[in-house]
Every structure is written in structure tokens, then in C-alpha cells.
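The values are calculated or read from the model by the stated rules, or taken from the named source; none is laboratory data. Not measured: the values here are computed from a predicted model. Every residue, glycine among them, receives a Cβ derived from its backbone with ideal geometry; neighbour counts consider all protein chains shown. For accessibility, only protein heavy atoms count, side chains too; no ligands or nucleic acids. Shrake-Rupley method; radii C 1.70, N 1.55, O 1.52, S 1.80 Å.
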Amino acid sequence: MMTMRTILIAILPVVFSMISFQAKAQKDTEFWFVAPEISQNNASNFDRPVAFRFSTYGDAAVVTVTQPANPAFPPQTINIAPNASGILQFPPFFDNVENIPPNTVLNKGFLIQSTSPITAYYELIGGVPNNPEIFSLKGKNALGNTFYTPFQNVTDNSSGYSPLPHAAFDIVATENNTLVTITPTRPIVGHAANVPFNITLNRGQTYSAEATSQLSIQHPAGSKIVANKPVAVTVKDDLLEGGPLYGGFCRDVMGDQIVPVEKLGTRHVVHKGFLDGDEFAFVVATVDATQVKLDGVVAGTINAGQTLNLSITDGSHFIESTAPVYVLQMTGNN
């Protein structure tokens with residue numbers, strides 16, 4: 001079985017030069033996160049257990065995990081020694097974890113607070129090792145007011161599982177009375193494409209925008225999210241059919257916590273992984289008339305919300321753009 005992975009790459013101005021967010025979470029003392037819904041596949045339990053994993057540096061940490069909008073979720077506290085790791089696993093309380101159903105305001109946002117700086121990620125473990133993924137938490141770098149959603153558009157979600165897997169993006173608010181305007185580029189549950197709509201979220205409340213189709217061309221790539229107060233956004237693309245692209249039997253989830261437009265950059269490096277054949281980098285523009293170069297050669301010009309597919313062959317490749325972009329790489333192992 002092949003394993004596919006998502007790498008979201010961005011330059012964080014001033015503090016960082018270049019970083020692959022899938023490989024390294026951000027060091028911080030506070031993290032917001034909303035967990036996506038993953039197909040259970042009946043009794044196979046592809047979606048559970050899941051876990052938050054934390055790592056300390058030179059200082060010990062007391063890590064507290066809460067759901068500010070959900071008083072029924074008891075606060076969870078973990079004591080972690082210096083230069084050590086800790087884990088919070090679900091089940092129990094699994095019904096409070098995944099952000100379902102779509103098109104509904106829910107109370108499932110997680111707030112992670114630590115007494116000293118840590119890194120954190122959310123791991124989809126599963127009852128069988130068929131559909132794993134890691135969502136690296138970005139701390140303050142995850143929070144912002146404007147986002148575009150990057151998705152792959154070259155392979156469909158599999159129709160062989162129950163419930164059916166889909167692509168979706170999930171939003172969590174960090175403050176009360178947060179007005180969020182969503183403009184989906186493709187139909188999502190309850191809403192037509194290219195028609196803006198508003199939702200209002202309080203602190204810790206969440207919303208899931210799920211594609212109505214499993215076709216890759218109907219994934220909501222480039223959808224725009226604008227909030228009047230800081231929010232965090234998760235993207236997921238569940239049980240993708242890798243066989244048509246790379247042969248064999250591959251159905252795997254991709255996903256990550258993304259960063260807002262104000263944290264993006266214009267120069268990126270991607271490195272070929274271990275899938276047979278070319279891999280892909282999906283570039284999403286945030287400004288109209290953005291020119292994109294691959295290894296110094298113009299690859300195309302795209303407007304805000306549009307996606308440009310780049311083939312990634314052997315070795316490393318340099319991507320330049322005239323305005324900030326999202327770069328989502330689909331890579332993995334055979």
C-alpha cells in the first residue's frame with residue numbers, strides 16, 4: 001500500500017526563512033485546532049484512535065486541552081518533563097473530536113495551552129494502519145483573518161468506503177461574535193459555488209465546509225475565508241485514489257492546518273518524495289495576475305483563488321511567485 005502525504009510550504013517573514021509545515025510544527029504556548037471528520041469505514045476504525053502529541057524543550061510543561069465552547073468536555077491536563085513528549089489520545093470523548101456534521105455551527109474547537117513553549121501535532125492513528133496522517137499545529141502562525149484553501153485536483157476520493165470520504169475545510173473561532181464570510185469555489189453541503197455566505201461563531205465554535213462531490217475537479221480549491229477576528233483553518237482530503245496515478249492499491253488521506261494569507265511567502269522549495277512517477281505541487285494565488293516560475297521558467301499566471309499544477313520530478317525544485325501563494329505538495333511512499 002502507498003502512503004501519501006501533504007506538505008504545506010510557506011515562508012514566514014522575519015522569523016523563519018523556509019519551513020515545511022508537515023515536518024515541523026511551530027513552537028508556542030497556545031494552539032487552536034479543529035479536527036476533521038475521517039471515514040470510519042464501518043467497523044474498520046480508519047478514523048480512531050487519534051491523538052495530540054506534544055514535545056517540550058529545556059523546560060517542563062503543564063499542557064491543558066479544553067473545548068471552550070463545550071462545557072461537557074472535561075479539561076485534560078498533561079505534565080511533561082523537559083526534553084520529553086506527551087500524548088493525549090481519543091477515545092475516550094471521541095464524539096467530541098471530529099467536526100461533524102457539515103454546514104452546522106458546532107462546539108468542537110480545541111484550545112491547547114502550555115506553561116512553557118512546546119510543539120504539537122494531531123495524529124490520525126486509526127485502528128488499522130491504512131489511513132494515517134499528521135496535522136502539525138502552527139500556534140499563533142495559524143491564526144488570521146483571510147485564507148484561501150489549497151487542495152489537490154488530480155485524484156478522486158474513493159467510493160469504496162462508508163461513510164463516503166470527501167474533501168473539506170474546517171474553521172474554528174478564537175473570539176466571540178466572529179463573523180466569517182465563505183466563498184466556495186465548488187458546491188459544498190448546503191451552499192452553491194461562488195455564492196458568498198456568512199456564519200457567526202463564538203470562541204471555540206466550529207464550522208465544516210464539505211464538498212458535495214468526490215471528484216477531484218469538484219474539490220473546493222481556492223475557496224476564500226474572511227473573518228473579522230482571528231480564526232484557524234484545517235483542510236483534509238480523505239481516502240484519495242492513488243492507484244490511477246501511481247499504480248497498485250493506494251487510498252490515503254491528506255491534510256494539514258494551513259496559515260493565513262498574511263503569513264505566506266513568494267519563494268518556496270519542494271523536494272521529490274518516493275512515489276513512482278511525477279509528484280505534484282499545487283500553487284494557489286492570493287492576488288490577481290500572479291506569475292509563477294518553476295526553476296526559473298515561467299509556468300503560468302493565475303488569479304486569486306486559482307490553482308496552478310506543477311509536476312515535481314527528481315530532486316529539489318524552486319518555485320517563485322510575484323505575490324504570496326500557497327504551495328501544497330502531494331508526496332509520499334510506495
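Worth pointing out:
- In straight-distance terms, cross-link reach from Lys272 covers every one of the lysines whose alpha-carbon lies under 20 Å from its own, apart from those fewer than eight places away in the same chain; here that gives Lys24, Lys293.
- Per atom type, the range 106-222 shows carbon and sulfur on 51% of its accessible surface, probed at 1.4 Å.
- In order through the range 184-190: 3J(HN,Hα) via Karplus (6.51 cos²θ - 1.76 cosθ + 1.60), integer Hz, x for Gly, Pro: x, 7, 9, x, 10, 4, x
- Per residue, the accessible area of the range 44-181 comes to 36 Å², computed with a 1.4 Å probe over protein heavy atoms only.
- Which of Asn309, Gly277, Gly248, positive extreme of dipole for the range 245-318 (C-beta unit charges): Asn309
- When the alpha-carbon atoms of the chain are used, the pair Rg, Dmax equals 18.7, 55 angstrom.
- Extents of the range 151-290, taken as max minus min of Cα coordinates on every principal axis and listed largest first, are 49, 39, 27 Å.
- Virtual spin-label span in nm between Asn228 and Asp278, 7 Å along Cα→Cβ: 4.6
- Each of Tyr161, Gly58, Val189 was placed along the dipole of the chain (beta-carbon charges, centred on the mean Cα), and the one lying farthest toward the positive end is Gly58.
- Theoretical ellipticity at 222 nm over the chain - DSSP helices of four or more residues, -39500 (n - 2.57) apiece, nearest 500: 0 deg cm²/dmol
- Cross-link pairs exceeding 21 Å between alpha carbons, from the set Lys108/Lys263; Lys108/Lys229; Lys138/Lys236; Lys140/Lys263: Lys108/Lys263.
- log10 of Debye I(q)/I(0), alpha-carbon scatterers only, for the range 277-334 at 0.16, 0.19 Å⁻¹: -0.45, -0.61
- Cα centre as origin, Lys/Arg/Asp/Glu Cβ charges: the chain dipole, Debye: 600
- Debye, to nearest 20: dipole size of the range 159-251, +1 on Lys, Arg Cβ, -1 on Asp, Glu Cβ: 180
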